[in-house]
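The values are calculated or read from the model by the stated rules, or taken from the named source; none is laboratory data. Fair warning: this is a prediction, and the values are worked out from it, not measured in the lab. Counting neighbours? That spans all protein chains shown, and the Cβs are built from the backbone with ideal geometry, glycine included. Calculation scope for accessible area: heavy atoms of the full protein, side chains included, ligands and nucleic acids excluded. Shrake-Rupley method; radii C 1.70, N 1.55, O 1.52, S 1.80 Å.
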Amino acid sequence: MTPRTSSTTARPADPCCLVIFGASGDLTHRLLIPALYNLATAGLLPQAFGLVGVARSPSSSEAFREDLAKSLPQFAGRPIDQKVLNHVLGCVAYVQGDPDDDSTYVKIGEELVRIERERATRGNRLFYLATPPAGFAPIGRHLGQSGLARETGPDGPWRRVIIEKPFGGDLASAHALNQKLLGILKEDQIFRIDHYLGKETVQNIMVLRFANGLFEPIWNRNHIDHVQITVAESLTVGRRGNYYDATGALRDMVPNHLFQLLSLIAMEPPARFAADSVRAEKAQVLEAVQLPTGDEVLRNSVRAQYEDGFVENQPVEPYRKTKDVDPHSTTETYVALKLTIDNWRWADVPFYLRTGKALRSKQTEVAIKFKQAPIAMFRDTPVDRLAENFLVIGIQPNECIGLEFNAKVPGPSIALGGVSMTFRYEDYFDLAPSTGYETLIYDCMIGDAILYPRADGIEAGWRVVQPFLDAWCQARDAHLATYRAGSEGPKEADELLARDGRRWRPIA
């Protein structure tokens with residue numbers, strides 16, 4: 001079938017100036033600037049646009065601009081058009097300073113006044129906190145005290161702040177961070193970014209569910225046996241040993257990426273396709289997750305570390321031998337959970353979640369397993385030869401939706417075989433190069449928070465995670481399994497499903 005070019009009636013974003021804290025880091029070069037370039041290519045970046053980079057590193061505005069222009073071809077995924085590049089980097093300023101120093105914000109204010117005058121950005125300001133989490137609260141405090149993020153009223157210029165994950169390290173710290181930020185900014189000024197929500201396949205989950213009468217009537221406990229959510233990474237911890245050993249797979253992935261997928265799959269239909277309605281339904285899903293006791297945590301979870309092995313034919317050393325990792329570390333690089341949701345739609349339907357480092361391959365998917373049909377007609381066909389009915393939403397690296405079911409094998413006798421129908425985005429739509437940040441940055445510029453978690457949703461997620469953190473802390477290494485690098489994970493994760501008469505889908 002001939003691909004259909006994706007079209008949009010979206011308007012260019014509001015005139016604004018983007019201020020990036022941590023502008024000298026990888027996030028700015030690898031993702032943010034390419035995302036801005038892609039928005040400009042699509043005609044969605046405002047013509048009246050300016051950029052201010054803030055970092056401790058010595059530099060100048062001209063050197064910063066040249067550095068961004070030099071790195072862009074490596075990460076843009078497309079040939080560079082000089083006219084578009086000039087649009088993105090036509091008005092760039094660089095401020096060297098400590099983000100916890102008052103004088104830094106005086107210099108930022110001076111550059112903003114200049115850019116707003118020269119570029120007619122109408123005073124609209126977007127502050128992007130591409131810094132370590134420890135900087136979120138201090139930067140927010142300074143933005144409030146300096147008046148740089150102060151809004152003067154509904155008809156005045158807007159001021160918004162994007163915060164990268166992680167949003168806290170446990171329930172208490174997440175609540176404290178929200179309280180500090182909400183003491184300075186209004187909720188509608190805070191945009192907590194999760195780049196998974198920028199992926200087209202993730203956004204398509206709501207369309208798949210709520211725009212198709214084919215699926216919504218059977219999207220419940222009467223027809224669904226269980227749900228599997230997998231975020232597998234082939235990468236090791238690499239050079240992030242210091243950060244990762246203090247964080248682990250649970251904190252790093254579950255309260256954000258996996259819970260965003262879970263909430264989209266399990267949420268009730270919102271009253272309207274608007275930010276508050278959608279975010280309220282997503283938060284209610286997480287609030288309905290049954291909180292386990294200490295014994296239930298150990299029974300319904302698996303945590304593990306990778307040992308030596310091979311990933312894509314490359315040798316991998318054990319996690320505990322990674323640079324900056326404690327040689328006696330009990331930090332998990334793999335986690336599998338069994339969760340249940342206490343509401344009418346999902347009663348008795350288990351949700352199995354898993355994520356890990358140094359696994360066989362990179363794969364992110366959501367698999368919805370439907371209940372088996374009565375097989376009285378085909379009683380001569382062994383049940384273990386029947387294909388399981390799965391609806392599989394592939395998110396990365398393959399963006400697709402697959403449906404697996406049984407069909408008759410050609411021939412004179414009745415024999416059943418499993419078949420699969422797969423819709424791939426690249427077969428139907430022309431997919432433009434994307435970092436996953438384009439939609440999220442654009443939405444913030446137009447004030448649409450539908451893809452951004454709200455404070456209550458963040459805390460609801462940590463409320464589910466906290467019992468696991470507490471129980472694992474008490475158990476230390478008594479509940480810590482191991483797995484070979486390059487495998488699909490520990491055998492204990494297979495046993496988590498096997499005792500329910502189920503099994504994981506393979507990591508391909």
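From (1) open to solvent by 20 Å² or more (accessible area, probe 1.4 Å); (2) at positive phi, pick out the condition that doesn't hold for residue 358.
(1)
Is there a residue being in a helix (DSSP H, G or I), out of contact with any Leu (no Cβ under 8 Å at 6 or more places or on another chain) and at pLDDT below 95 anywhere in segment 1-18?
No, segment 1-18 has no match at all.
Going by what's in this entry, would residue 467 be described as surrounded by fewer than 21 Cβ atoms within 10 Å (Cβ to Cβ), closer than 30 Å to residue 302 by Cα and either free of Cβ contacts under 8 Å to residues at least 24 places away in the same chain or of a type in the set (Asp, Glu) (or both)?
It is false that residue 467 is surrounded by fewer than 21 Cβ atoms within 10 Å (Cβ to Cβ), closer than 30 Å to residue 302 by Cα and either free of Cβ contacts under 8 Å to residues at least 24 places away in the same chain or of a type in the set (Asp, Glu) (or both).
Out of all the residues in segment 290-299, is one or more touching a residue at least 40 places away in the same chain (Cβ under 8 Å), in contact with a strand residue (DSSP E or B) (Cβ under 6 Å, 6 or more places away or on another chain) and not in a helix (DSSP H, G or I)?
Yes, segment 290-299 contains at least one residue that is touching a residue at least 40 places away in the same chain (Cβ under 8 Å), in contact with a strand residue (DSSP E or B) (Cβ under 6 Å, 6 or more places away or on another chain) and not in a helix (DSSP H, G or I).
On the basis of being touching a residue at least 24 places away in the same chain (Cβ under 8 Å) and under 27 Å from residue 138 (Cβ atoms), does residue 43 make the cut?
no
Of all residues in segment 328-355, how many are in a strand (DSSP E or B) and within 20 Å of residue 294 (Cβ to Cβ)? Write out each step before concluding.
Going residue by residue through segment 328-355, those that are in a strand (DSSP E or B) are 334-341, 350-355.
Then keep just the ones that are within 20 Å of residue 294 (Cβ to Cβ); that gives 335-340, 350, 353.
The number of residues fulfilling the criteria is 8.
With respect to the numbered conditions (1) part of a loop (DSSP other than H, G, I, E, B); (2) closer than 30 Å to residue 339 by Cα; (3) open to solvent by less than 60 Å² (accessible area, probe 1.4 Å); (4) in contact with a helix residue (DSSP H, G or I) (Cβ under 6 Å, 6 or more places away or on another chain), which one is the sole condition not fulfilled by residue 505?
(4)
Identify all residues within segment 103-135 that are modelled with pLDDT of 95 or more and either assigned to a strand (DSSP E or B) or within 18 Å of residue 56 (Cβ to Cβ) (or both); write none if there are none.
103, 104, 105, 106, 107, 108, 111, 125, 126, 127, 128, 129
Residues checked against (1) within 28 Å of residue 477 (Cα to Cα); (2) in contact (Cβ under 8 Å) with a residue 12 or more places away in the chain; (3) under 19 Å from the mean Cα position of the chain (by Cα):
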site: 326; (1), (2), (3): yes, yes, no
site: 331; (1), (2), (3): yes, yes, no
site: 334; (1), (2), (3): yes, yes, yes
site: 341; (1), (2), (3): no, yes, no
site: 345; (1), (2), (3): no, yes, no
site: 350; (1), (2), (3): yes, yes, no
site: 355; (1), (2), (3): yes, yes, yes
site: 366; (1), (2), (3): no, yes, yes
site: 369; (1), (2), (3): no, yes, no
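Return only the number of the condition from (1) buried (at least 20 other Cβ atoms within 10 Å of the Cβ); (2) in contact with a helix residue (DSSP H, G or I) (Cβ under 9 Å, 6 or more places away or on another chain); (3) part of a helix (DSSP H, G or I) that residue 493 does not satisfy.
(2)
Going through 450, 414 one at a time, which residue ends up being over 24 Å from residue 293 (Cβ atoms), modelled with pLDDT under 95, open to solvent by 60 Å² or more (accessible area, probe 1.4 Å) and part of a loop (DSSP other than H, G, I, E, B)?
414
Give the residues of segment 470-489 that are assigned to a helix (DSSP H, G or I) and in contact (Cβ under 8 Å) with a residue 60 or more places away in the chain, sorted by residue number. Give the derivation first.
Initial filter on segment 470-489 (assigned to a helix (DSSP H, G or I)): 470-479.
Hits for segment 470-489 are 470, 471, 472, 474, 475, 476, 477, 479.
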